[in-house]
Structure formats: C-alpha cells, structure tokens
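Below is one structure; the comments refer to it alone.
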Amino acid sequence: MEFFQEYMALFMFAAVFALLLAGYPVAFTIGGVSLFFGLMGFGVDFFNLLPLRIWGTMKNFTLLAVPLFIYMGVMLEKSGLAEELLETMSLVFSRIKGGLAVSVIVVGALMGASTGIVGATVVTMGLLSVPTMLKRNYNKSLTTGTVAASGTLGQIIPPSIVLVLLGDIINVPVGDLFIGAIIPGLILVFLYILYILIIAHIKPQWAPPIPEEELAAITTKELYRRVFRALIPPLVLMIAVLGSIFAGIASPTEAASVGAVGATLLTMLQKKFNYKILNEVMKTTTQLTCMVFIILVGATTLGLVFRGLNGDALVRELIDALPFGKWGILLIVMSIIFIAGFFLDFIEITFIHVPVLAPIMIAMGVNPLWLAVLIAVNLQTSFLTPPFGFSLFYLKGVCPPEIQTMDIYKGIIPFVIIQLIGLAIICLIPESVTWLPKVILGE
C-alpha cells in the first residue's frame with residue numbers, strides 16, 4: 001500500500017492512457033479517473049479545491065479566442081473561398097511539373113492562416129483537390145499525402161487553436177506564439193514544396209503538368225484578375241487578425257472576434273450567407289467548443305490531482321536521474337509527444353502530457369516560447385501518424401472510392417519525415433522561433 005501511495009500519480013497517468021487506448025470518451029475518462037484518484041489521495045476535501053480550479057479556468061479571458069477562431073474557420077469553409085483559391089493557384093503554378101500539388105500546399109497554408117482548424121481544411125481540400133488531381137493523372141499516394149499534409153498546416157500557422165491552448169498551459173503570451181510560429185510554418189511549407197518538385201522531377205509520371213492547350217485558353221490579363229480576386233479576401237482577413245495582434249492594437253481574443261466578423265462579411269460578399277449556413281456554423285462551433293472545454297475541465301482536474309500527489313516532483317526526479325544533458329532530455333520529451341501522437345489526439349496530448357513535461361524543461365533553462373512552438377510542430381504530426389491520425393480519417397471520408405486506406409498511409413509517410421526534418425531544423429536553430437518576436441516586439 002505504501003508503494004501504491006508513493007507512485008499513485010503515475011498509476012493514475014497509466015490508467016488514463018490505458019482507458020483512452022481502449023476507446024473510452026476522452027473527457028469522461030480524464031475527469032472520471034482524476035476524481036477517483038483524487039478521492040483516494042485526498043478524501044472528500046478534494047471537492048473543496050476542485051471548483052476553484054475549474055472556475056479559474058473558465059474565467060480565463062485568453063481561452064475565449066477558441067470558440068471565436070472555430071467560428072471563423074467554419075464560416076470560411078462555407079464561403080467557397082477555398083474552391084476559388086485552388087482553381088486560381090493551380091493556374092499560377094500550372095507550367096511546372098507538380099504545379100497542381102504545389103498549389104494545394106499554398107492554398108492549404110493560406111486556408112490554415114485563415115481558419116486555424118485542421119479538420120475543416122482537410123475536408124475542404126479533400127473534396128476539391130483529390131478528384132482534380134486524380135483527373136490530371138497524379139499518383140494516388142502523392143495526391144492523398146499532399147492534401148493531408150497541406151490541411152495540417154493550420155496547426156502551426158497562426159492563428160492556430162493549439163497555439164492558444166499551449167500559450168495558456170506554458171504561460172507564454174499568445175501574441176508572441178503567433179509571431180514565433182510564422183517562420184517555422186513557412187519552413188514546413190518550403191520543405192513540402194521542395195519535396196513535390198523533387199519527386200515530380202524524378203518521377204514525372206506521378207505529377208504531370210497541365211496541358212498547354214488548356215493554358216492557352218486563359219489570357220495573362222484574365223489570370224492576373226483571377227489571382228487578385230482570389231487572394232485579396234483571405235489576405236485582408238489575415239492582416240486584420242494577425243496585424244491587429246502584431247501591431248499591439250488587439251489582444252488575441254479581441255483579434256479572434258475581428259476574424260469572426262470578417263469571415264461572416266466575406267461569406268456575405270461571396271453571396272453564400274443565409275440562415276441555413278449560419279445555423280450550421282453555430283451548431284458546429286458549439287459542438288467543437290464544448291468538446292474542447294469539457295476536455296479542458298477534465299485536464300484541469302487531472303493536473304490538480306497529479307500535482308497534489310507530487311507526480312510532477314516524481315517525474316522530475318526520474319528525468320533528473322537520466323544520464324543526459326538538456327538536449328538529451330529534450331529529445332526524450334519530443335519523442336514521448338511524437339509517439340503519443342500515434343494513439344492520442346493533439347488536444348489530449350496538450351492537456352495530459354504538456355502540463356507535466358513542459359515545466360520540467362523550462363526549469364532546465366529551455367526558452368518557453370521556443371519550447372511551445374517545438375511542441376506545436378511535433379503535435380502537427382499527430383494528425384498524420386496512423387493508426388489514429390485524424391487527418392487520415394477526415395480525408396478517407398471524402399475521397400473517391402478508388403482511393404484505398406493504404407494509398408493514404410503510403411502518401412503521408414514522406415510528409416511525416418519532412419515534418420520531423422522541420423522539427424530538427426527548428427530545434428537546431430532556435431532563432432527561427434525567437435528572432436521575429438524580438439524584431440516585431442522589440443523584446
């Protein structure tokens with residue numbers, strides 16, 4: 001019994017992980033296991049502490065940005081901007097081998113910067129891009145891998161919901177995180193495009209260019225007009241949201257409200273706004289927000305019990321006992337998060353693993369801003385890694401029948417490797433994260 005009490009926090013952590021793998025609902029698993037171990041560790045007095053912690057979380061002004069960014073993303077999905085963007089960008093890159101795939105990456109990055117919601121971007125890009133790429137005789141694996149990877153860019157390119165959550169957990173200003181994540185996001189976009197261009201050069205039959213006769217049908221003037229019309233709306237929205245944060249005019253929460261209003265106005269300008277659309281957007285926003293916050297309440301309970309049982313001290317002792325320096329321990333922490341991504345959703349990892357691991361790294365002198373962006377890039381891979389990569393599920397649900405699950409799995413392997421290369425670059429060059437906030441904010 002004495003042994004059980006000493007390691008109760010680790011038993012609790014193992015119980016949560018086992019039940020999640022068994023398929024139990026995330027929110028109720030985290031909350032239920034935490035209540036059980038809390039009662040065992042503290043008795044009924046535990047319920048005197050819990051309401052205050054939950055109330056403190058629910059009063060957090062920064063977290064109001066979550067439903068607002070979700071609303072913005074869902075509304076933009078309904079606006080039809082993605083379809084127009086993809087058609088236009090495919091013409092811009094049409095003369096190069098793999099140009100259509102490059103346009104998918106570019107549009108995925110622009111949609112990520114406009115919505116911040118991976119699921120919405122993957123579904124939209126899947127519906128629009130996959131049939132077009134298959135019609136152009138693109139390789140199935142390259143097609144699915146490109147679409148799935150481009151959809152996950154909203155995880156790191158601001159405004160990103162995971163950056164809002166990480167900022168709150170690691171105690172880093174969300175505005176700083178948004179600025180710090182720009183260069184890492186662009187690094188990933190560059191690496192994706194470089195891979196596509198290389199594979200299109202090595203295996204041209206995988207990514208053929210658009211036939212010349214189709215290109216001749218569109219004049220240069222018409223192309224410029226379409227590019228201008230397609231790019232201006234999302235760019236204006238990005239500038240309104242991110243520019244107001246970077247200029248110090250608005251907090252991330254206030255900027256999120258600007259984005260929500262802006263997305264609604266863009267949908268009106270596209271003549272897609274009506275009561276049915278508004279009703280669907282509000283329902284989806286409510287569902288996703290409730291999911292995030294009920295998990296957040298369970299994670300708050302887990303964190304309270306874990307620390308109350310001295311779990312953080314125990315984990316710190318175990319890590320300190322390892323015969324590695326700061327870099328070796330950082331590698332272990334990143335490996336834990338990466339492996340967890342094979343089995344758990346990014347929200348679960350953010351709320352379960354990060355509150356335990358991040359304070360240990362910060363106590364060792366790691367820059368919190370750099371660490372938060374590293375974790376965000378690492379979490380991006382959780383959308384692509386089988387068997388539970390959510391982007392894979394989203395994409396399979398909207399793909400034509402000829403696309404098999406194995407085509408998707410084979411397609412994402414190179415992009416997971418690219419993400420790990422990007423993570424290594426950001427890890428080896430911390431200035432890729434810290435330089436831009438210093439320039440813009442003068443810190």
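The values are calculated or read from the model by the stated rules, or taken from the named source; none is laboratory data. Being a predicted model, the structure only gives us computed values, none of them experimental. Positions of Cβ are generated from backbone atoms using ideal geometry, with glycine treated the same way; all protein chains shown enter the neighbour counts.
Could you run through region 233-282 and say how many residues are more than 21 Å from the chain's Cα centre (by Cα), of a type outside the set (Phe, Trp, Tyr) and assigned to a loop (DSSP other than H, G, I, E, B)?
Residues meeting the conditions: 8.
Which one of SER79, SER114 is in contact with a Gly (Cβ under 8 Å, 6 or more places away or on another chain) and at pLDDT below 80? If you could, list the steps in order and put the result at the bottom.
On the way: SER79 fails: in contact with a Gly (Cβ under 8 Å, 6 or more places away or on another chain).
Exactly one residue qualifies, and that residue is SER114.
Among all residue pairs at least 6 apart or on different chains, which show Cβ distances below 6 Å where the first residue, located in region 388-406, is closer than 24 Å to ILE349 by Cα and modelled with pLDDT under 75 and the second is outside any helix (DSSP H, G or I) and of a type outside the set (Gly, Ala, Ser)?
PHE388/PHE343
Of all residues in region 418-443 being farther than 13 Å from ALA181 by Cα and under 17 Å from the mean Cα position of the chain (by Cα), which is surrounded by the most Cβ atoms within 10 Å (Cβ to Cβ)?
GLN419
For the condition of a type outside the set (Phe, Trp, Tyr), closer than 16 Å to THR253 by Cβ, part of a helix (DSSP H, G or I) and in contact with a Phe, Trp or Tyr (Cβ under 7 Å, 6 or more places away or on another chain), what is the one hit in LEU163, LEU142?
Going through LEU163, LEU142 in turn, just one is of a type outside the set (Phe, Trp, Tyr), closer than 16 Å to THR253 by Cβ, part of a helix (DSSP H, G or I) and in contact with a Phe, Trp or Tyr (Cβ under 7 Å, 6 or more places away or on another chain): LEU163.
Report whether or not ILE349 is without any contact (Cβ under 8 Å) to a residue 40 or more places away in the chain, buried (at least 21 other Cβ atoms within 10 Å of the Cβ) and touching a helix residue (DSSP H, G or I) at 6+ places or on another chain (Cβ under 9 Å).
On the way: without any contact (Cβ under 8 Å) to a residue 40 or more places away in the chain: yes; buried (at least 21 other Cβ atoms within 10 Å of the Cβ): yes; touching a helix residue (DSSP H, G or I) at 6+ places or on another chain (Cβ under 9 Å): yes.
Yes, satisfied.
Name the residue that is surrounded by the fewest Cβ atoms within 10 Å (Cβ to Cβ), counting only residues in region 67-97 that are polar (S, T, N, Q) and assigned to a helix (DSSP H, G or I). Lay out the reasoning, then the answer.
In the first step, residues of region 67-97 are kept if they are polar (S, T, N, Q); the result is 79, 88, 90, 94.
Among the residues that remain, those that are also assigned to a helix (DSSP H, G or I) are: 79, 88, 90.
Values: SER79: 24, THR88: 19, SER90: 22.
Only one residue tops the list, namely THR88.
What pairs come up if the first residue lies in region 254-279 and is within 13 Å of VAL74 (Cβ to Cβ) and surrounded by fewer than 16 Cβ atoms within 10 Å (Cβ to Cβ), the second is among the hydroxyl-bearing types (Ser, Thr, Tyr) and at pLDDT below 85, and their beta carbons are under 7 Å apart, counting only those six or more places apart or on different chains?
Qualifying pairs under 7 Å: LYS272/SER79.
If you go through region 321-353 one residue at a time, how many are within 20 Å of THR152 (Cβ to Cβ) and outside any helix (DSSP H, G or I)?
6
Does LEU371 satisfy being crowded, with 21+ Cβ neighbours inside 10 Å and in contact (Cβ under 8 Å) with a residue 60 or more places away in the chain?
Numbers: crowded, with 21+ Cβ neighbours inside 10 Å: yes; in contact (Cβ under 8 Å) with a residue 60 or more places away in the chain: yes.
Yes.
For region 356-384, what are the residues that are closer than 15 Å to VAL122 by Cβ, modelled with pLDDT of 80 or more and either in contact with an Asp or Glu (Cβ under 8 Å, 6 or more places away or on another chain) or outside any helix (DSSP H, G or I) (or both)? Please lay out each step first, then the result.
Taking region 356-384 first, the residues closer than 15 Å to VAL122 by Cβ are 380-384.
Next, only the ones that are modelled with pLDDT of 80 or more stay: 380-381, 384.
Residue satisfying the conditions is LEU384 alone.
When you scan region 188-207, do you find a residue that is surrounded by fewer than 22 Cβ atoms within 10 Å (Cβ to Cβ) and over 30 Å from ALA424 (Cβ atoms), even just one?
yes
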